[in-house]
Amino acid sequence: MKQIDGARLMEQAANRSALVLIVDDMPDNLQMLHDALDAAGHTVLVATHGEAALQRARLSLPDVILLDAVMPGMDGFEVARRLKQDFVTRAIPIVFMTGLTDSEHVVAAFAAGGADYVTKPLRPPEVLARIAAHTANARQMQQASSALDAFGQATLALNPESGRLVWQTALARQLLQRYFGVEDQQAPESLWRWARLARQARLQGEELPGQWPGEAGQKLLASFHLTPGEPEWLVVLREEGLQATLAALIAAFRLTQREAEVLHWLSLGKTNRDIADILGMSPRTVNKHLEHVFAKLGVETRTSAAAMALGRGHA
């Protein structure tokens, strides 16, 4: 696969139109930013208070949000917190606009979920550069997540300082909800605790797999991945157990529940008679299911079908 380096990705993002939401209660700031962004080829949305910002962000899903820190009513910090609590909007990068340069305000901006900040009086070239940078990063992350989703991977990225979920694939989100009952942007405590221990083990050249029990003999397995120089920790999740195996076979080969069950036992070396006894059906019915399975897998032999099942359903 052809790789694109960071500089080229940044250049591509700068040359692509972005959808930008500006949140500010000062008309002069809105006009100046609108004109600069419009001249640069970006599409601009405007909100003058917090509630409008939340609504427009959820409906339009902008590439980046320029957010004033100090506004009457709901301030920018609270707007950012709410955006990051909402799964629909949490991945949108937020660039704070503030005249408050004291360290406590900068810390507050990042703690609320901000990715960056620019100081007032605003300088349009600087704002445009920040938009290009964060749009490039967001699109790169979205493309990576989409690719993993397409291959059915349950992968998530953790912020090593806070344990916040930087991004996660759809399957990872389902597994987190199923095993930990949470749909928050913070990693479950037991997963976060394991990740810190797994990192220490990895630095010592050892592996520390994670494991959590589920229902009906299911269990969730986790492996830790640390790439030098990368700002996030990657965790790959995998569900293990009969139901997980059947679900994987159904998803991979578009099988019915019964067909997946027959293929599963076939992959374990069972004969048609064995499978019939296990599933409570006749060997003739097993053979009929296998005919359908072979057709869907595009194979002609039991050995080939078993190999494909072991490669997908038991991965």
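The values are calculated or read from the model by the stated rules, or taken from the named source; none is laboratory data. Given the structure is predicted, the values throughout are model-derived calculations rather than measurements. Glycine also receives a Cβ, built like all others from the backbone with ideal geometry; neighbour counts cover every protein chain displayed. All accessible areas refer to the heavy atoms of the entire protein, side chains included, with ligands and DNA or RNA removed. Shrake-Rupley method; radii C 1.70, N 1.55, O 1.52, S 1.80 Å.
Miscellaneous remarks
- Residue within region 233-255 that is charged (D, E, K, R), touching a strand residue (DSSP E or B) at 6+ places or on another chain (Cβ under 9 Å), open to solvent by less than 60 Å² (accessible area, probe 1.4 Å) and not in a helix (DSSP H, G or I) present: yes
- Flag for LEU128 being buried (at least 21 other Cβ atoms within 10 Å of the Cβ), modelled with pLDDT of 85 or more and of a type outside the set (D, E, K, R): no
- All positions within region 89-104 that are touching a residue at least 24 places away in the same chain (Cβ under 8 Å) and closer than 23 Å to PRO231 by Cα: THR89, ARG90, ALA91, ILE92, PRO93, ILE94, VAL95, PHE96
- When LEU59 is tested against (1) open to solvent by 60 Å² or more (accessible area, probe 1.4 Å); (2) outside any helix (DSSP H, G or I), just one condition goes unmet, and that condition is (2).
- Boolean, GLY217 is closer than 30 Å to PRO188 by Cα, open to solvent by less than 70 Å² (accessible area, probe 1.4 Å) and either modelled with pLDDT under 90 or hydrophobic (A, V, I, L, M, F, W, C) (or both): yes
- Of the candidates LEU30, LEU54, LEU67, LEU83, the single residue that is free of Cβ contacts under 8 Å to residues at least 24 places away in the same chain and surrounded by 14 or more Cβ atoms within 10 Å (Cβ to Cβ) is LEU30.
- Cross-chain or 6+ apart pairs with Cβ under 8 Å, region 262-288 first and farther than 15 Å from ALA307 by Cα, then open to solvent by less than 60 Å² (accessible area, probe 1.4 Å) and among the charged types (D, E, K, R): LEU279/GLU261
- Only a single criterion out of (1) β-branched (Val, Ile, Thr); (2) open to solvent by less than 20 Å² (accessible area, probe 1.4 Å); (3) not in a helix (DSSP H, G or I) is not satisfied by VAL299, namely (2).
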